[in-house]
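A short write-up of the structure that comes next.
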Amino acid sequence: MNDRKILVTRSSMPPLEEYVEEIAPIWESHWLTNMGAEHRQLESDLKRYLGVENVALFVNGHSALECVLEAMGLRGKVITTPYSFASTTHAIVRKGLTPVFADIKPDDYTLDPERIESLVDEETCAILPVHVYGNLCDVEAIQDIADRHGLKVIYDAAHAFGVRRDGVSAAAYGDASMFSFHATKVFNTIEGGAVCFRDPRLKDRLDQWKNFGITGEETVEFVGGNAKMNEFCAAMGICNLRHLDEEIAKRRLVAERYRSRLEGRAGIKLCLPQPGVAQNYAYFPVVFEDSFGATRDEVFDSLGRRGVFARKYFFPLISDYDCYKDRFDSSETPVAREIASRVLTLPMFADLDMSDVDMICSTILAQGRS
Ligand code: T4K
């Protein structure tokens, strides 16, 4: 066994000199946070990169999601997916809203529009789907349901930065989309996040919610929190954004190598590329079916013995968490429950060596029947 560890991801970082050059002016200005020059610059860089009019930056993706739910003044039930990271449901619950779980599609693991409509009632105020792994939700079908019932659509796009369909970025769909810029994401600002939104009137509200509800030097109109991105994180984002397309291109080669080794093997299910979608290759999920001959947990353990730390994103299902299991029944979302029990996300980052990809694939295939 070798001592080297291969983790599920590794943060992208710009050349050190580039970052130092970016932060050097801060030693002149002494302006460290509260919407300074780097913050303003990153907002405008993101508008250009994403092709959207409205962006608000946040200290992290989770706070961004909580803030947009609050700033929209939502009350009642929110239809969402249990197949996600804790943040998605926690944001709903922490804002005093009630999550209602709909099942996911078996091919790309995003919210199944056919499962949404029967859950809508007079208390429903919004749909909160997740572009999980960077797979785009069925945005037209979801918007259609929302329009018919007067619901808001807020996307958890934490995984979907850089994803485009027919040239249109994931940020363009619904009333708002939340992106995470956490260290583990395709594009990072160390910690950080953003909301892109349709109604420009939300901009002031979001900026005020993230700054204690302060609306003027002597006026505080809302009970807001503190969720501002600082200048050092914004500077990291400005640098990382310059290298993003190159990073995604490298991730693509890694994904293609995994695919060439694993696709078509009995019992191994991979997400299919979506038509017209330029992916960001954020994650590489593999689902192990019974015909593979080894369970997901057996594969996980065998990789661990080779120093490869894949992750079970997303297991357990959110509705099975200790804090939720008494309120929800995961058997009502059987597809999500099934995928959560069988999925493994393999190491995926721009500089992952092809020889390591080969070793990971060989280790997996050695566990299988064929
Ligand atoms: N919605 C969705 C769908 C999300 O996936 C997330 C976050 C959010 C909302 C909320 O966004 P944020 O508030 O986080 O911006 C990680 C991340 O902490 C979390 O951001 C992410 N989703 C989730 C899927 O993964 P952990 O607990 O698995 O992270 P951790 O510390 O085990 O790190 C995973 C691997 O990443 C490590 O093995 C190595 C690598 N790593 C990690 C860190 C912290 C680095 O290379 N550098 C680093 O600095 O949650």
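The values are calculated or read from the model by the stated rules, or taken from the named source; none is laboratory data. These figures come from a predicted structure and were not determined experimentally. No Cβ is skipped: glycine too gets one built from the backbone with ideal geometry, and neighbour counts run over all protein chains shown. Protein only, heavy atoms only, side chains kept; ligands, DNA and RNA dropped before computing areas. Shrake-Rupley method; radii C 1.70, N 1.55, O 1.52, S 1.80 Å.
Report yes if Arg165 is of a type outside the set (Ser, Thr, Tyr), away from the ligand (no atom under 16 Å from the Cβ) and either under 18 Å from Ile248 (Cβ atoms) or crowded, with 24+ Cβ neighbours inside 10 Å (or both), otherwise no.
Details: of a type outside the set (Ser, Thr, Tyr): yes; away from the ligand (no atom under 16 Å from the Cβ): yes; either under 18 Å from Ile248 (Cβ atoms) or crowded, with 24+ Cβ neighbours inside 10 Å (or both): yes.
Taking the combined requirement at face value, the residue satisfies it.
Residues checked against (1) buried (at least 21 other Cβ atoms within 10 Å of the Cβ); (2) within 13 Å of the ligand (Cβ to nearest atom):
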residue: Glu70; (1), (2): yes, no
residue: Tyr83; (1), (2): yes, yes
residue: Thr89; (1), (2): yes, yes
residue: Lys95; (1), (2): no, no
residue: Phe101; (1), (2): yes, no
residue: Tyr109; (1), (2): yes, yes
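Restricting the search to the range 249-267, which residues are open to solvent by 20 Å² or more (accessible area, probe 1.4 Å) and of a type outside the set (S, T, N, Q)? The answer is Ala249, Lys250, Arg252, Leu253, Glu256, Arg257, Arg259, Arg261, Glu263, Gly264, Arg265, Ala266.
Which fully enclosed helices (runs of 4 or more DSSP H) of the range 12-92 have 1 or more residues being closer than 30 Å to Ala102 by Cβ?
On the way: elements: 16-23, 26-29, 37-50, 61-71.
Result: 37-50, 61-71.
Among the residues of the range 214-256, those identified as of a type in the set (Val, Ile, Thr) and over 18 Å from Ile26 (Cβ atoms) are Ile214, Thr215, Thr219, Val220, Val223, Ile248, Val254.
What strands (runs of 3 or more DSSP E) completely inside the range 163-282 contain at least 1 residues that are under 30 Å from Gly368 (Cα atoms)?
Working: elements: 176-180, 193-197, 214-216, 268-270.
In the range 163-282, 268-270 are the strands (runs of 3 or more DSSP E) which contain 1 or more residues that are under 30 Å from Gly368 (Cα atoms).
Select from the range 303-319 the residues that are outside any loop (DSSP other than H, G, I, E, B) and surrounded by 16 or more Cβ atoms within 10 Å (Cβ to Cβ) and list them in ascending order. Once the filter is applied, which keeps residues that are outside any loop (DSSP other than H, G, I, E, B) and surrounded by 16 or more Cβ atoms within 10 Å (Cβ to Cβ), the range 303-319 yields Leu303, Val308, Arg311, Ile318, Ser319.
The residue pairs whose first member lies in the range 146-162 and is open to solvent by less than 10 Å² (accessible area, probe 1.4 Å), whose second member is basic (Lys, Arg) and within 16 Å of the ligand (Cβ to nearest atom), and whose beta carbons are closer than 8 Å, counting only pairs six or more residues apart or on different chains, are Phe161/Lys185. Against the criterion of being more than 14 Å from the ligand (Cβ to nearest atom), farther than 20 Å from Ile268 by Cα and under 25 Å from the mean Cα position of the chain (by Cα), Ser319 qualifies.
Taking first residues from the range 36-63 that are farther than 24 Å from Val93 by Cα and partners that are part of a loop (DSSP other than H, G, I, E, B) and open to solvent by 20 Å² or more (accessible area, probe 1.4 Å), the Cβ contacts under 6 Å between residues at least 6 apart in sequence or on separate chains come to Asn54/Pro200. Criterion applied to Thr189, Thr184 was being within 14 Å of the ligand (Cβ to nearest atom) and open to solvent by 10 Å² or more (accessible area, probe 1.4 Å), and the one residue passing it is Thr184. Only one entry of Ala310, Ala278, Ala266, Ala282 meets the criterion of being away from the ligand (no atom under 16 Å from the Cβ), within 21 Å of His131 (Cα to Cα), in contact (Cβ under 8 Å) with a residue 40 or more places away in the chain and of a type in the set (Gly, Ala, Ser), and that entry is Ala278.
For the range 104-117, how many residues meet the condition of being within 18 Å of Pro285 (Cα to Cα) and not in a strand (DSSP E or B)? Please lay out each step first, then the result.
Filtering the range 104-117 for residues within 18 Å of Pro285 (Cα to Cα) gives 104-111.
From what's left, not in a strand (DSSP E or B): 105-110.
Looking only at that region, the number is 6.
Quick check, is Asp297 modelled with pLDDT of 95 or more and open to solvent by 40 Å² or more (accessible area, probe 1.4 Å)? Break it down stepwise before answering.
Numbers: modelled with pLDDT of 95 or more: yes; open to solvent by 40 Å² or more (accessible area, probe 1.4 Å): yes.
Here the answer is yes, as Asp297 does meet what is asked.
Here is a check on your reading of the model: is Ala160 within 18 Å of the chain's Cα centre (by Cα) and more than 16 Å from the ligand (Cβ to nearest atom)? No; evaluated as a whole, the condition is false for this residue.
Would you check which residues across the range 290-307 are more than 16 Å from the ligand (Cβ to nearest atom), at negative phi and touching a residue at least 60 places away in the same chain (Cβ under 8 Å) and list them? Can you show your working first?
Of the range 290-307, the ones more than 16 Å from the ligand (Cβ to nearest atom) are 290-299, 301-302, 305.
Still in the list and also at negative phi: 290-292, 294-299, 301-302, 305.
Answer for the range 290-307, where residues must be more than 16 Å from the ligand (Cβ to nearest atom), at negative phi and touching a residue at least 60 places away in the same chain (Cβ under 8 Å): Ser291, Phe292, Ala294, Glu298, Val299, Ser302, Arg305.
One residue is enough: does the range 319-335 have a residue meeting the conditions over 26 Å from Val93 (Cα atoms) and outside the structural domain of Ala183 (by TED's automatic domain parsing)?
No.
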